[in-house]
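No value in this document is a laboratory result; all are computed from the given coordinates. Just so it is clear, the model here is predicted, and its values are computed rather than measured. Neighbour counts are summed over all protein chains in view; Cβ atoms, including those assigned to glycine, are modelled from backbone coordinates with ideal geometry.
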Amino acid sequence: MKLLTTIAAVLISISAFSQDYVEYNEGTFTQNGEELSMEQIYDLTELHKSGGGNILRANRFNLMYKSSYLRGTNNTFNFVSGAANGPAGGFLVFFGGLLIYWSPGLGIPMTAAGTGLCVVSYKAFSMIALSPEACLRKRDNQFNKVADKLNEAIKAANQ
């Protein structure tokens with residue numbers, strides 16, 4: 001009986017590792033050793049309803065890698081947005097925190113709005129890519145997230 005349990009566990013583990021998982025490595029997606037095109041990746045994300053936003057971000061970073069004009073425009077917009085929202089958010093958080101003691105009805109929404117502006121500022125600054133290599137790193141990061149999300153969806157669909 002113990003031998004049968006061990007054999008069953010080994011067979012289950014082998015079948016779990018031989019699933020059709022998607023892998024990403026430096027610009028190419030593969031599945032079972034075959035290279036996948038971007039259209040096939042789009043189809044997989046639509047089929048499993050996962051990773052669509054990451055695909056869009058990764059393709060935007062890929063375009064910025066190829067075009068210095070697009071990268072400069074993106075960096076300028078994100079810098080101005082981050083520089084405007086950061087101090088305004090900090091101001092609202094500071095004075096909202098002080099107002100909580102005297103008027104919670106005004107201080108709590110002010111602190112929440114300031115926190116939201118700080119988050120927007122952080123996201124804007126995180127989208128700045130100063131060099132083409134930074135665009136590639138961010139593209140690869142997003143495509144790895146796509147592969148992970150697709151693998152989770154494939155694993156859930158096979159169970």
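Data overview
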{"read-out": "FRET efficiency, Lys66 to Tyr42 (Cβ-Cβ, R0 22 Å, nearest 0.05)", "value": "0.70"}
{"read-out": "0 to 90° range, to nearest 10: angle between helix 104-126 axis and the chain longest Cα axis", "value": "60"}
{"read-out": "Theoretical FRET efficiency, 1/(1+(r/R0)^6), r = Cβ-Cβ of Glu35 and Phe125, R0 41 Å, to 0.05", "value": "0.70"}
{"read-out": "For segment 53-148: relative contact order, % (alpha-carbon pairs under 8 angstrom, 6 or more apart)", "value": "43"}
{"read-out": "In Å, descending, principal axis extents of the Cα set of the chain", "value": "71, 48, 24"}
{"read-out": "Residues of segment 41-62 with amide N under 17 Å of a point placed 7 Å along Cα→Cβ from Asn25", "value": "none"}
